[in-house]
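A short worksheet on the structure shown next.
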Amino acid sequence: MLRIAVLASGSGSNAESIYRYFEHSELAQVEMIVTNNTKAGVIQRFLDKKAVLRTFNYPEESGAVLKELIAGADIVVLAGFLKMVPPSWTRAFNGRMLNIHPAILPKFGGKGMYGKHVHKAVSESAESETGITIHLVNEQYDKGAIISQFFVDIEPGESPELIEKKVRALEQQYYAPTIERWIENLILSQ
Ligand code: GRF
């Protein structure tokens, strides 16, 4: 049974859907939820769940948390983690750390491109589609190998709010099954 740690800084809708997806799985379980934000909505979502909830001061406690991740997790899934992942973390989990970006990388990615900033940029662009990108995490923001992308059409001038709604629906539908398929490949490749 592989142990998943989820890193989140926000409302935690992805963290919760991943937890529920694997709740009765023989393959993997979400064992840890790690957040740098003591006010994050993700905390409320996990008060009544089995996963260990760890809030920490970034970057002061990054070393201690890395030790806990190494001891307690086989793979690390980022789900709205808004801080730069410490290089010591990406090295320790090289090839075993995933992230989801709410747009079609390499467009609309990089520093500062998160949450509403992404949807606003897409809304103001001439794009006729947007979507999500699930990728490996390396030391450069949003530059890890792309694992999967899922697309949704958008109309010219569509609002950032409506784009966000469509993108979040893709996340809920595809992030967890993509993690599952990636874990199966990881096990097969060992
Ligand atoms: C999601 O839109 C995800 O794509 C991005 O951050 C947001 C996290 O939302 N990385 P939530 O905290 O999972 O609700």
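One residue is enough: does the range 103-125 have a residue meeting the conditions away from the ligand (no atom under 16 Å from the Cβ), out of contact with any Pro (no Cβ under 9 Å at 6 or more places or on another chain) and at pLDDT 95 or above? Looking through the range 103-125, at least one residue is away from the ligand (no atom under 16 Å from the Cβ), out of contact with any Pro (no Cβ under 9 Å at 6 or more places or on another chain) and at pLDDT 95 or above. Please go through the range 76-89 and pick out each residue that is away from the ligand (no atom under 16 Å from the Cβ) and either aromatic (Phe, Trp, Tyr) or crowded, with 20+ Cβ neighbours inside 10 Å (or both). Of everything in the range 76-89, just one residue is away from the ligand (no atom under 16 Å from the Cβ) and either aromatic (Phe, Trp, Tyr) or crowded, with 20+ Cβ neighbours inside 10 Å (or both), namely Trp89.
Residues that are assigned to a strand (DSSP E or B) and either away from the ligand (no atom under 15 Å from the Cβ) or touching an Asp or Glu at 6+ places or on another chain (Cβ under 7 Å) (or both) within the range 1-41 comprise Leu2, Arg3, Ile4, Ala5, Ala28, Gln29, Glu31, Met32, listed in sequence order. Within the range 53-73, if we keep just the residues that are surrounded by fewer than 16 Cβ atoms within 10 Å (Cβ to Cβ) and under 21 Å from Glu16 (Cβ atoms), the residue that is nearest to the ligand (Cβ to nearest atom) turns out to be Leu53. Restricting attention to the range 4-63, the residues that are in contact with a strand residue (DSSP E or B) (Cβ under 7 Å, 6 or more places away or on another chain) and of a type in the set (D, E, K, R) add up to 2. Flag: Glu155 matches the condition of being assigned to a loop (DSSP other than H, G, I, E, B), at pLDDT 95 or above and among the acidic types (Asp, Glu). Where the second residue is of a type outside the set (D, E, K, R) and modelled with pLDDT of 95 or more and the first is in a strand (DSSP E or B) and loosely packed, with under 15 Cβ neighbours inside 10 Å and lies in the range 91-119, which pairs have Cβ atoms under 7 Å and are six or more apart or on separate chains? Qualifying pairs under 7 Å: none.
Filtering the range 42-52 to residues that are under 18 Å from Phe22 (Cα atoms), of a type in the set (A, V, I, L, M, F, W, C) and either within 12 Å of the ligand (Cβ to nearest atom) or touching a residue at least 24 places away in the same chain (Cβ under 8 Å) (or both) leaves Val42, Phe46, Ala51.
The values are calculated or read from the model by the stated rules, or taken from the named source; none is laboratory data. What you see is a predicted model; the values in this text were computed from it and never measured. Here the Cβ is made from the backbone with ideal geometry for all residues, glycine too, and neighbour counts use every protein chain on show.
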